[in-house]
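Let me begin by presenting the structure, written as structure tokens, before commenting on it.
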């Protein structure tokens, strides 16, 4: 299959590119390298050293004998170049990961809000408009998020994208209608993924585009089978307060003897998936497109759910780390339940990796190996959801909680 | 009240500015004048002659003694200038009409799709982000559309923005939850108004912004009390296939002896409102903001519903015009019912103007007066929803339907 991976230089895109290339697909990475620019902007870097995309692709060729092409295109601002590339290369599938993907970054300042909305919405819409204009029926697989559902408080299991509701007609009869699960995003980033859903709904209906939307949970881990093969093929490992995801942050905090930073009570239940399962799900989604004219196919790309404080305790037990409870920079309920329907990938043959597996200690090993690259000052999360919350978070951080290396790990 | 009208040079914005100014409010128009540029792009002009905004404001000052300020700002691309203006002027209310507003234009080519999504989404988001950043609690009144609901086919009355649905919990109990009425937009333009709804929902929840969204029907008429006062204060009257709205197009077709162009069977039921009621509703909405922390207040800004073919027959009876049934460029059902809840504006004191009133012949008089300015070739609607439909529409137009002046009016 000829696959274009938009955002193939990122945390999911890179291991997905190697995974799909290793399966024999003809892969091209299209990326504006914005994730590297954001590293530069924030003055923070991946724990694991990142070679240039060109160098990584050279190593991959040497290791596997397989070629992955790279095109530097900003799909959010270079619509015409995207269209020309699609017209000339006619991919069977487009894996669309080319969006700003961190909720805290999207809430940092007004500039970051404006950038995230502008970049993410135009990226998705430009792709869809270009496919229609060129007349391609490439299957689009998009990386969405469980966050489009918001944090459900009514205790209902979150279905895979759609909900049947009863609507009362003028004559009093009730009619059942299938709708997109009502959106309730918790950040600007999550909101852009809700906007994407409406773009997909429209283009599937009006132009019969074949689209799959993956509502992914929080990814943990860093290695996949391919990224292990050579030191320079290693994946990103973000640990900072903006881009680091919760479990990876706990592991790295433990590795350097930093207390595990739980925001709020830790009663927030979140959905998780290991990076190896993430790329396997992408493979399954690519192999099972909807038919033309069908609604957007939505998968919950999730293997398990945990409360944040339970995760912290698990990592604390494994490593001996302490836990620090900090103010929550997000505007959300302290405690929530989360039940997620996740049947479709299981039916397609996914055999989930769970937290009890050895991959957690594997992750601790990666963290310890690169411990010398950690900037301790970047571990606290300082992006806040509102200015009032921001003042309170910075206040607490400045007035007591010990962020110095404790040496207890 | 100090009111900023974003898009105050447009079809609703201009009469709204005069109406609010005449009531004694301190009005500033902020506009990028894009509607004039689109006239230039399409090579079509308002039936009524349009003086420059500066000239119109000079006349208004001479006629009424009241000053309306004008600022040339493109709010979709000039975020910083918008923010500075808001910080310096601190409006009590912002009336937001600064979006591309024609469904056919939004479907014309891929360039028009990309422009509409980019312009409309960034315009709304920039405004909301700037208000939060500056720390203003200005009430935002936004012009949305009945089209966010899609064309309901289940026969239920469309409520004012929100729907209560039952969600089944894991324990089997049903929980009633209020959701935004599920979006089902029929064009790229309508889709952008659905994206707006999610932006409003987020900013009302996260930042307690006070927002009102007016889900307006199709506007007919051209004059309001103020635009009648001087020939150079006259409002736009669009009759072309992209920007002309259905009833205004019928009237102008009748005035020049063109058959009334009904697309499809004319069985589409649409919601309508007269331009005078539109500006009155805006006045009522501005005077009744939601409280900070409340959900977005949504009004259906509609006074009556009609099938398109019934409207055509009404105008035909009044004028003696013929009716021509043409292929429908839109992807939609041939026939639909539409029942709209519209209690809120009635409760606030709106006394609706209906189609039976003398304003319809008033409109015919305007059309006849400026008949010499009509370019007959711009009357057919050629923007199509898909390329396949486009070929069929152009084919039919080229092969038989008489678009020459018939002289029968």
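Summary table
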| item | result |
| --- | --- |
| Taking region A:1-129 and dividing mean pair separation by its residue count, relative contact order in percent (alpha carbons under 8 Å, at least six apart) | 31 |
| Percent of alpha-carbon pairs separated by more than 26 Å within region A:125-274 | 46 |
| Relative contact order of chain B, defined on C-alpha pairs under 8 angstrom at six or more residues apart (%) | 19 |
| Choice from B:80, B:343, B:371 with maximal GNM fluctuation in chain B (Cα, 10 Å cutoff) | B:80 |
| Inter-label distance for residue B:351 and residue A:387, nm, one decimal - labels placed 7 Å from Cα along Cα-to-Cβ | 4.5 |
| Förster radius 45 Å - calculated FRET efficiency between residue B:169 and residue A:368, Cβ distance, rounded to 0.05 | 0.55 |
| For residue A:174, label point 7 Å along C-beta direction: distances to other copies, nm | 0.3 |
| Inter-chain Cβ neighbour average for residues B:105-112, partner chain, 10 Å | 2 |
| Cα Rg, Dmax, region B:2-398, angstrom units | 20.7, 71 |
| 222 nm mean residue ellipticity, helices alone, for chain B (DSSP H n ≥ 4; -39,500 (n - 2.57); rounded to 500) | -11500 deg cm²/dmol |
| Copies compared at residue A:358 - label distances in nm, ascending, label defined 7 Å from Cα in the Cβ direction | 9.1 |
| Gaussian network model of chain B, Cα within-10 Å springs - most flexible of B:244, B:147, B:43 | B:43 |
| Difference of contour (0.36 nm per residue) and Cα-Cα distance, residue B:40 to residue B:87 | 13.6 nm |
| Förster radius 45 Å - calculated FRET efficiency between residue A:336 and residue B:2, Cβ distance, rounded to 0.05 | 0.65 |
| Residue of B:103, B:287, B:312 that the Gaussian network model of chain B assigns the largest fluctuation, springs spanning Cα pairs under 10 Å | B:287 |
| Cα centroid separation - region B:1-44 against region A:173-195, whole Å | 33 |
| Among beta bridges that DSSP assigns inside region B:2-398, antiparallel share in %, nearest 5 | 25 |
| Relative contact order computed over region A:279-373 (Cα-Cα under 8 Å; 6+ residues apart), in percent | 39 |
| The protein assembly as shown, Rg to Rh (Cα coordinates; Rh as Kirkwood inverse mean 1/r) | 0.99 |
| Paired Rg and Dmax values of region B:1-64, which use every Cα atom, in angstrom | 12.3, 38 |
| Position residue B:51, label points 7 Å along Cα→Cβ, spacing to each other copy in nm (shortest first, one decimal) | 7.0 |
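FYI, it's all coordinate maths here, none of it is from the lab. Just so it is clear, the structure is predicted and the values come from calculations on it, not from any experiment. For neighbour counting, all protein chains shown are included, and Cβ atoms are generated from backbone atoms with ideal geometry for every residue, glycine included.
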